[in-house]
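Every number in this text was worked out from the coordinates using simple rules, so none of it is lab data. On a predicted model such as this, the values are computed, not experimentally measured, just so you know. No Cβ is skipped: glycine too gets one built from the backbone with ideal geometry, and neighbour counts run over all protein chains shown.
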Amino acid sequence: MPPQILVVLTDGASTGGEKSLRVPLENLKQSYVNIYAIGIGRSINKRELEMMATPPVKEHVYYVATMQELQTLLTNIGESACKSKCIPGALPY
C-alpha cells in the first residue's frame, strides 16, 4: 500500500483555533496518515503547525517565505515520501 500523506499549507493560525483541530488530526494520525505541516509567510503559529504534524516534528514541519520555496519543498517531500514505495512517475504532486 502506498504511503498516505497529507500536506497542510497555512498562512497563519487556523480559523477555529487549536481546539477545532484536535479530533480530526487524531483521527488522521490513528489512520497512519503522515502529516506534513507547512507555514507560508511570516505570521505562523508554530505551536499549531507542530500539533498538526506527525512525529518526528523536525522532519514534518516546515516554514517557507515564498511560493518558489514552497515548490522546491513540495518536490523534495514528494521524492522523499515515495522512495521505493510509489510507482515511478506517480509522485504525489
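Are there trypsin sites (Lys or Arg not before Pro) in the stretch 1-47 that DSSP marks as loop and that have at most 13 other Cβ atoms within 10 Å, and which are they?
Here the trypsin sites (Lys or Arg not before Pro) that fit, given the DSSP loop and packing criteria, are 42.
When the Karplus curve 6.51 cos²θ - 1.76 cosθ + 1.60 is applied with θ = phi - 60°, which whole-Hz ³J(HN,Hα) does each residue of the stretch 20-37 get, with x for Gly and Pro?
Per-residue couplings from phi come out as 6, 8, 4, 5, x, 5, 5, 4, 5, 5, 5, 8, 6, 8, 7, 10, 9, 10 Hz.
Starting from the Cα of residue 19, draw a straight line to each of the aspartates and glutamates and keep only those under 17 Å, dropping any in the same chain fewer than 8 residues away.
Leaving aside aspartates and glutamates fewer than 8 places away in the same chain, those within reach of residue 19 are 48, 50.
Please give me, ordered by residue number, the chymotrypsin sites (Phe, Trp or Tyr not before Pro) of the stretch 15-65 that lie in loop per DSSP and have at most 15 other Cβ atoms within 10 Å.
Answer in residue order: 32.
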